[in-house]
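The values are calculated or read from the model by the stated rules, or taken from the named source; none is laboratory data. On a predicted model such as this, the values are computed, not experimentally measured, just so you know. Cβ placement follows ideal geometry from the backbone for every residue including glycine, while neighbour counts extend to all protein chains displayed.
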Amino acid sequence: MSERQVIIIGSGPAGLTAALYAARANLKPLVIEGIDAGGQLMLTTMVENWPGYRDGIMGPDLMAELRAQAERFGAEFIQGDVTAVDLSKPPFNVSLGKTNYLAHTLILATGASAKWLDLGVDKKLSGRGVSTCATCDGFFFKGLPVAVIGGGDTAMEEAIYLSKLATSVTVIHRRDTLRASKVMQDKAMSIPNISFLWDTEVLDIKDVDKGAVSSLVLRNLKTGERSELPIDGVFIGIGHTPNTVLFKGQLAMHDNGYLKTHDGSRTSVSGVFAAGDVQDHVYRQAVTAAGSGCMAAIDAERFLSGTLHDSSAAHLVTNS
Ligand code: NDP
C-alpha cells in the first residue's frame, strides 16, 4: 500500500494550489483528481476575476496551467473518485475502489456541485435543454426563449448572462422576494428581456420522450393555478451542495453540509485540512479557494514537521 506525506482530494483551484505549495515544500503530494477533474472552472468560459490576467483566461486553460505548474514541482496525479476515507486514526486510509493509500496528512478540496430540482426529469434532460451553467451552455440557446430557476445571485447572474443570447429570459422563483444581492437584483430587473414569475414552482419539464425541452409545467404556490410556459432551455440556479458525503460522521460540518474549519484550514480531526468550496459557503471564488489551498498546504507542512501549534477542536462537534 502506497504511503504518502500528503494526499490531496480534489483538483479545483484549492486542490491544485495546495498541490503546488506541498510539492514546493518537497512533500511529493499525491492529488486524487476525481472524475470531474479541474472542478467548477472547467464549466466556465472566460474568467475575468483571476488576478494577473488583464484580458481574462478561459476556465479550462487556467486549470490546465495550475495543474502543469504543480506537476512541474513534483505533484503526482491519479484519476478517479475516492470511494471511502477512514479518518479514525492516522495515517488515514483513502480508498479508490480496491486500491488503498495511506496519508499522514489529508487535504480535502472536493468542492461543491450545482443542485438539481429533484424532479427526475431535470437530470434526464441534462445537456438536452436543461443546464446548471449558463456560461457553458447559453450559446446553444441563441435566439430562443429560456427560463432560469432560482432567486439568488447565481440565478440573477445566469439570467443576466442569458439575456444577451436568448430572446427572453423568464426567472421563476418560489417566493415573491429575491434572495439575491440588491445590486444583482437591480441589474436583472433593469434588463428588458428578463421577466419574473413569482411564487411559482416547476412541476414538470417537457418533453422527456422527445429528448428536448419544449415547456415547463408550473404552479402558482399562492393560488394553486397551473400553467405551461413554452421554452427551449431551462437553467437551474438554486445553489450548490458541498461534496462532503465521504466525511459524514467523521468530521464536523455546518448544518448545510459544509465542513467546519478553524485556525486556518484545520478540520475537527488533527492532520486533516480542508480548502476551497467544500468549507466555504460564503465567498466561493476561485481566488479564495486557491488562497485556502495554500493555507492548507502550509498547515499540513507544519503539522508534519511538528511546528503546527496544537489548537483545540473540541468546540467542533462531528455530525452523524
Ligand atoms: P442561494 O442559496 O443564495 O440561492 C438559492 C436560490 O434558489 C434561492 O432563491 C432559493 O429560494 C432557490 N431554491 C433553492 N432550492 C430550491 C428548490 N428546490 N426549488 C426552487 N428554488 C430553490 O445560492 P446561490 O448559488 O444563488 O448563491 C450562493 C452564494 O454565492 C451567495 O452567497 C451568493 O451571494 C454567492 N454568489 C455571488 C455571485 C456574485 O456576487 N456575482 C454569483 C453567484 C453566487 P429561497 O430564496 O426561497 O430560499
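Restricting Met42, Met46 to those that are closer than 23 Å to Asp137 by Cβ, aliphatic (A, V, I, L, M), at pLDDT below 95 and within 16 Å of the chain's Cα centre (by Cα) reduces the list to Met42.
Return yes or no: is Ala109 more than 23 Å from the chain's Cα centre (by Cα), of a type in the set (Gly, Ala, Ser) and either surrounded by fewer than 16 Cβ atoms within 10 Å (Cβ to Cβ) or at pLDDT 95 or above (or both)? When the stated conditions are applied, Ala109 does not pass them.
Residues checked against (1) more than 13 Å from the ligand (Cβ to nearest atom); (2) under 22 Å from Ser95 (Cβ atoms); (3) in a loop (DSSP other than H, G, I, E, B):
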residue	(1), (2), (3)
Lys222	yes, no, yes
Ser227	yes, no, no
Val234	no, no, no
Ile238	no, no, yes
Leu246	yes, yes, no
Asn256	no, no, yes
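When every residue of the range 104-124 is checked against the conditions, at least one turns out to be β-branched (Val, Ile, Thr), assigned to a strand (DSSP E or B), out of contact with any Cys (no Cβ under 9 Å at 6 or more places or on another chain) and in contact (Cβ under 8 Å) with a residue 24 or more places away in the chain. Under the condition of being loosely packed, with under 15 Cβ neighbours inside 10 Å and in a strand (DSSP E or B), which residue from the range 81-99 is nearest to the chain's Cα centre (by Cα)? Only one residue fits best here, namely Ala84. In the range 160-213, of all residues being of a type in the set (A, V, I, L, M) and assigned to a helix (DSSP H, G or I), the one that is nearest to the ligand (Cβ to nearest atom) corresponds to Met184.
When the test is whether a residue is surrounded by fewer than 21 Cβ atoms within 10 Å (Cβ to Cβ) and aliphatic (A, V, I, L, M), Val121 passes it. Regarding the range 308-318, can at least one residue be identified that is in a strand (DSSP E or B) and crowded, with 20+ Cβ neighbours inside 10 Å? Looking for residues that are in a strand (DSSP E or B) and crowded, with 20+ Cβ neighbours inside 10 Å, one finds none in the range 308-318, hence no. Entry remark, the range 135-159: residues being assigned to a strand (DSSP E or B) and either within 16 Å of the ligand (Cβ to nearest atom) or closer than 25 Å to His281 by Cβ (or both) number 3 in total. Would you confirm, using the coordinates I've provided, whether Phe273 is assigned to a strand (DSSP E or B), among the aromatic types (Phe, Trp, Tyr), within 16 Å of the ligand (Cβ to nearest atom) and crowded, with 19+ Cβ neighbours inside 10 Å? The answer is no for Phe273.
Table: residues versus (1) modelled with pLDDT under 95; (2) away from the ligand (no atom under 16 Å from the Cβ).
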| position | (1), (2) |
| --- | --- |
| Tyr283 | yes, no |
| Asp299 | no, yes |
| Arg302 | no, yes |
| Thr307 | yes, yes |
| Asp310 | yes, yes |
| Ala314 | yes, yes |
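For the range 195-230, the set of residues classified as touching a residue at least 40 places away in the same chain (Cβ under 8 Å), surrounded by 16 or more Cβ atoms within 10 Å (Cβ to Cβ) and within 27 Å of the chain's Cα centre (by Cα) consists of Val202, Asp204, Ile205, Val213, Leu216, listed by residue number.
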